[in-house]
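Student: First, the structure itself, so that you have it in front of you.
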Amino acid sequence: MCGDATNWDEETYRESILKEREIQTRTVFRTVWTPSQNPSPDSIVVASSDGSLGSYSISSIISELPLGLENAKAPHYFEAEPECFLQGHEGPLYDVKFYGDGEDALLLSCGDDGRIRGWRWKDCTESEVPIPLQGKHMRPVLDLMNPQHKGPWGALSPVPENNAIAVNTLGGSIYAAAGDSCAYCWDVETGQVKMVYKGHSDYLHSIIARNSTNQIITGSEDGTARIWDCRSGKCIQVIEPAKEMKLKGYSSYVGCINLDASESWLACGSGRSLSVWNLPASECISKISTSASVQDVVFDENQIVAVGAEPLLNRFNINGEILSQIQCAPQSAFSVSLHPSGVTAVGGYGGLVDVISQFGSHLCTFRCQFEY
């Protein structure tokens with residue numbers, strides 16, 4: 001039996017379909033646990049493809065789940081409300097970091113608009129402004145924009161995007177991996193560029209600070225990871241994780257990198273491979289083939305945790321042997337964040353964040369709030 005189409009509103013139907021598609025394609029690009037004295041995971045900050053930042057209380061989300069779903073085998077997609085909400089950037093927001101800790105910490109973000117912005121974390125947590133109004137009400141205390149390059153006849157290039165940031169609080173520096181193939185060192189106090197690191201031939205995906213040696217490491221679309229001396233601005237070592245692929249004529253890139261706590265071991269995600277490097281020895285220890293592109297990687301003591309373009313949280317040992325695979329909610333995961341307690345947060349496609357206990361059970365899965 002056919003329905004009554006007398007009151008059918010084609011325009012409303014089209015808008016609802018487009019809205020649903022927009023929600024499904026929104027992406028969490030980065031998550032970071034908030035600084036806290038609490039040994040248990042407290043809150044997490046989420047950076048999203050619509051340029052927004054949201055802080056979510058994990059304990060509150062778990063307490064609001066229907067009884068019995070906290071540890072259910074199938075993740076429950078809870079529509080979470082943030083504790084704090086910032087409209088940080090025009091366009092996608094790619095990375096978020098904390099500069100410092102405690103009451104003086106700055107919440108830093110970067111994105112497609114070429115800006116690095118910072119908010120006092122204390123102002124975010126203590127704001128009395130209603131959540132729907134916080135997005136545009138709270139102003140950043142730090143607002144940096146990548147320089148433009150002069151071309152023929154004085155024409156200026158577009159502002160290059162920032163794909164990742166790293167910090168050195170002792171040196172008062174913020175490092176940015178930019179889309180013009182350069183890395184920039186910014187002085188937090190003056191808001192000026194202190195150093196530009198040039199040498200890559202294509203845009204940068206990732207950057208990390210190796211503060212124990214006053215170095216930074218960058219990963220690029222050109223297929224290399226480079227180690228830079230922060231004082232001189234010179235590249236002191238070039239690492240090519242996918243050199244064999246290049247020799248065979250295939251394209252390669254370094255999409256994600258990370259250091260262990262000792263800053264002696266480097267993990268590089270390059271397409272469908274993950275390599276582990278002993279930096280003091282300048283030697284590749286292991287190379288792992290993966291079933292999907294690796295999009296983020298972290299060390300958990302002597303183990304490596306990685307996510308990518310598949311709904312899996314992978315754990316390897318330093319020799320490249322797989323230890324476990326846990327199904328996670330995002331069909332494509334762009335971020336994995338490890339809390340000191342062992343709890344892991346995986347963020348990615350669909351605006352989803354999956355929080356997984358140190359024992360492998362799903363504590364909660366929630367979909368982020370994107371707009372008000």
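The values are calculated or read from the model by the stated rules, or taken from the named source; none is laboratory data. Values in this document were obtained by computation on a predicted structure and should not be read as measured data. Neighbour counts run over all protein chains shown; Cβ positions are idealised from the backbone, glycine included. Heavy atoms of the whole protein, side chains included, go into the accessibility calculation; ligands, DNA and RNA do not. Shrake-Rupley method; radii C 1.70, N 1.55, O 1.52, S 1.80 Å.
Student: Carbon and sulfur atoms: what percent of the 1.4 Å accessible area of the stretch 148-289 do they account for? Before the final figure, lay out each step's value.
Tutor: Numbers: 3240 of 6550 Å².
Ligands and nucleic acids excluded, carbon and sulfur give 49 percent.
Student: On to the next question. May I ask you to derive the relative contact order of the chain, considering only C-alpha pairs under 8 Å and at least 6 residues apart, and to give it as an integer percent? Don't skip to the answer; put the middle values down first.
Tutor: Numbers: 964 pairs, mean separation 52.7, N = 372.
In percent, rounded to a whole number, it is 14.
Student: Would you mind giving the three semi-axes, in whole Å and largest first, of the ellipsoid equivalent to the stretch 219-372 according to its Cα gyration tensor?
Tutor: Values: eigenvalues 151, 58, 51 Å².
So the three semi-axes of the stretch 219-372 are 28, 17, 16 Å.
Student: Something else about it: If you look for lysine pairs in the chain that are eight or more places apart or on different chains, how many of them have Cα atoms under 28 Å apart?
Tutor: For the chain, the number of qualifying lysine pairs is 23.
Student: What is the diffusion coefficient of the stretch 106-163 in µm²/s, taking the Kirkwood radius over Cα pairs and the Stokes-Einstein relation at 10 °C with a viscosity of 1.306 mPa s? It would help to have the intermediate numbers written out before the result.
Tutor: Numbers: Rh = 13.3 Å.
Estimated diffusion coefficient is 119 µm²/s.
Student: Now for a different question. Count neighbours as other Cβ atoms within 10 Å of each site's Cβ, and list the trypsin sites (Lys or Arg not before Pro) in the stretch 147-230 that are DSSP loop with at most 15 such neighbours. Numbers along the way, then the final one.
Tutor: Details: sites: 150, 194, 198, 210, 226; in loops: 198.
For trypsin sites (Lys or Arg not before Pro) across the stretch 147-230 that sit outside H, G, I, E and B with at most 15 neighbouring Cβ atoms in 10 Å, the list reads 198.
Student: Sticking with this structure for a sec: Sort 82-92, 108-118 by the packing proxy (mean of other Cβ within 10 Å over each peptide's residues), most packed first. Intermediate results must be reported in sequence, preceding the final value.
Tutor: Details: 82-92: 21.2, 108-118: 23.7.
Top of the packing list down: 108-118, 82-92.
Student: Let me ask something else about it. For the chain, give the share of DSSP beta bridges that are antiparallel, in percent and rounded to the nearest 5; count only bridges with both residues there. All intermediate terms of the calculation are to be shown ahead of the outcome.
Tutor: On the way: 107 of 110 bridges.
Roughly 95 percent of the DSSP beta bridges within the chain come out antiparallel.
Student: Which value, in debye to the nearest 20, gives the size of the charge dipole of the chain about its Cα centre, when Lys and Arg are +1 and Asp and Glu are -1 at the Cβ? Don't skip to the end; give the middle numbers.
Tutor: Details: 27 positive and 45 negative charges, 267 e Å.
Roughly 1280 debye for the chain.
Student: Right, something else. In what order, largest first, do 167, 355 sit by accessible area if the probe radius is 1.4 Å?
Tutor: On the way: 167 30, 355 0 Å².
Result, largest first: 167, 355.
Student: Still on this structure, I have one more. Which residue, 314, 302, 163, tops the fluctuation ranking in a GNM of the chain built on C-alpha contacts under 10 Å?
Tutor: Of 314, 302, 163, the most mobile in the Gaussian network model is 302.
Student: Give me D for the stretch 119-199 in µm² s⁻¹, whole number, from Stokes-Einstein with Rh from the Kirkwood sum over alpha-carbon pairs, 4 °C and 1.567 mPa s. If you can, show how the numbers build up before the last one.
Tutor: Values: Rh = 14.9 Å.
D, rounded to a whole number, is 87 µm²/s.
Student: Take the Cα gyration tensor of the stretch 153-226, multiply each eigenvalue by 5, square-root it, and list the three semi-axes largest first, rounded to whole angstrom.
Tutor: Working: eigenvalues 84, 56, 16 Å².
Listed largest to smallest, the semi-axes of the stretch 153-226 are 21, 17, 9 Å.
Student: While we're on this one: I'd like the Kirkwood hydrodynamic radius of the stretch 43-193, using the inverse of the mean 1/r over distinct C-alpha pairs, in Å. Please report the intermediate quantities before stating the final value.
Tutor: Details: mean 1/r = 0.0591 Å⁻¹.
Taking the inverse mean of 1/r over all distinct Cα pairs, the stretch 43-193 comes out at 16.9 Å.
Student: If you don't mind, another one. Using only Cα atoms, find the angle between the long axis of helix 10-25 and the longest principal axis of the chain, and express it within 0 to 90 degrees, rounded to the nearest 10.
Tutor: 40 degrees
Student: Any chance you could tell me what percent of the C-alpha pair distances in the stretch 166-272 go past 17 Å? Provide the component values of the computation, followed by the final result.
Tutor: Numbers: 2830 of 5671 pairs.
When every Cα pair of the stretch 166-272 is considered, 50 percent fall beyond 17 Å.
Student: Next question, about the same structure. Show me, bin by bin at 10 Å from 0, the whole-percent P(r) of the chain based on Cα pairs.
Tutor: Here the calculated profile for the chain is 5, 23, 33, 25, 10, 3, 1, 0.
Student: Please work out the average accessible area per residue across the chain, using the 1.4 Å probe convention, and give it in Å².
Tutor: Numbers: 17810 Å² over 372 residues.
Per-residue value: 48 Å².
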